[in-house]
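Report on the following structure.
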Amino acid sequence: MKQALEANKPLAAAADKPPLLKIANIETLYFDRIYALRGLTLAIREREIFAVLGPNGAGKTTLLKTIAGLLKDQPNKGTIEFEGRRIHRLAPERVSGRGIVYVPEDRGLFRELTVKENLEIGCWGRRGREVREDMEFVYGLFPILAERGEQQAETLSGGQQQMLAIARALLRRPKLLMLDEPSLGLAPLVARTVYEALLKIAQTGTTILLVEQNAKLAFSIADYGYIMEAGRIVLEGTAAELQQNQDVQELYLGLGGQDASPKGWRLYKKRRTW
Ligand SMILES: Nc1ncnc2c1ncn2[C@@H]1O[C@H](COP(=O)(O)OP(=O)(O)OP(=O)(O)O)[C@@H](O)[C@H]1O
Ligand SMILES: [Mg+2]
């Protein structure tokens, strides 16, 4: 059962504003029969960082792809509104045209093109001073990209590729930046660098929605979190509240000394509050 945690004061005040993204009761199916999202509801407020956490197969990637319009004729049910206007079942280019930019788990780079060429594609259709300022901003965030301008994207390290993917997404001036497991496969220090950059991006006014398995990292920057299991949101709250929640501590933060045996897991499942 969804357990709404008591919102703290500053967020409660922000909650008066209509959300930037509002998802109500969506269902997404693969091949008309595999339910990946089963009545999922969530809201994303402007200028905050939102994290969706959940185990493998929970439906996190499906959620981002559904928002981005990448799954044809999905969601099957429910509504998605961005800035008060319907975006569900729009073509992906129309969704991105509204200002929603998605960085997929595989980063989606043009692997045979250079770093500079990938960034130029990010600037497609834009020119002048604004573009130069944006380029300066991304080079300031990730100085390595300036140094490696002529290097082919596929020869970059995993961390550098993630930085390039984020930089390219930023050059499209997103209102909402969505990232699928930005820390995946990165060494802890590199993941930290990427997360610090996300925090700086959010400080410029870009709203961020990220999905992660690394809860500790996600909570280090997120304002608000949703816990997702089997295609639904089972728990939500501010990052501070979720980190205090016993189930979150045991399942997602590895605290609490839970017996890891299958028997212990079964007992635990009974006790779990969602
Ligand atoms: N292209 C697809 N065709 C059929 N089923 C799919 C497809 N993609 C995902 N699924 C199924 O939908 C469910 C949700 O998958 P999804 O990839 O969204 O989970 P996830 O939370 O992103 O997992 P992970 O943490 O492993 O990335 C899973 O049961 C998965 O097997
Ligand atoms: Mg995934």
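Points worth noting:
- Of the residues making up segment 182-223, those that are out of contact with any Asp or Glu (no Cβ under 6 Å at 6 or more places or on another chain) and of a type in the set (Gly, Ala, Ser) are SER183, GLY185, ALA187, ALA191, ALA197, ALA202, GLY205, ALA215, SER220, ALA222.
- Matching entry among VAL52, VAL101 (being surrounded by 21 or more Cβ atoms within 10 Å (Cβ to Cβ) and either polar (S, T, N, Q) or more than 16 Å from ligand 1 (Cβ to nearest atom) (or both)): VAL101
- Residues in segment 38-70 that are under 21 Å from ILE208 (Cα atoms), within 16 Å of ligand 2 (Cβ to nearest atom) and more than 13 Å from the chain's Cα centre (by Cα): LEU40, PRO55, ALA58, LEU70.
- Wholly enclosed helices (runs of 4 or more DSSP H) of segment 97-185 bearing at least 1 residues under 17 Å from the mean Cα position of the chain (by Cα): 158-170
- Listed by first and then second residue, the pairs linking a residue in segment 61-73 that is in the same structural domain as LEU42 (by TED's automatic domain parsing) and under 13 Å from ILE87 (Cα atoms) to a residue that is away from ligand 2 (no atom under 13 Å from the Cβ) and at pLDDT below 95, with Cβ atoms under 7 Å apart and 6 or more places separating them unless they lie on different chains, form an empty list.
- Across segment 204-230, the number of residues qualifying as crowded, with 23+ Cβ neighbours inside 10 Å, within 12 Å of ligand 1 (Cβ to nearest atom) and not in a strand (DSSP E or B) comes to 0.
- Test for VAL138: is it outside the structural domain of SER183 (by TED's automatic domain parsing), buried (at least 17 other Cβ atoms within 10 Å of the Cβ) and touching a Lys or Arg at 6+ places or on another chain (Cβ under 6 Å): no
The values are calculated or read from the model by the stated rules, or taken from the named source; none is laboratory data. Here the structure is a predicted model, which is why all the values come from computation and not from measurement. In this analysis, Cβ positions are derived from the backbone assuming ideal geometry, glycine residues included, and neighbour counts consider all displayed protein chains.
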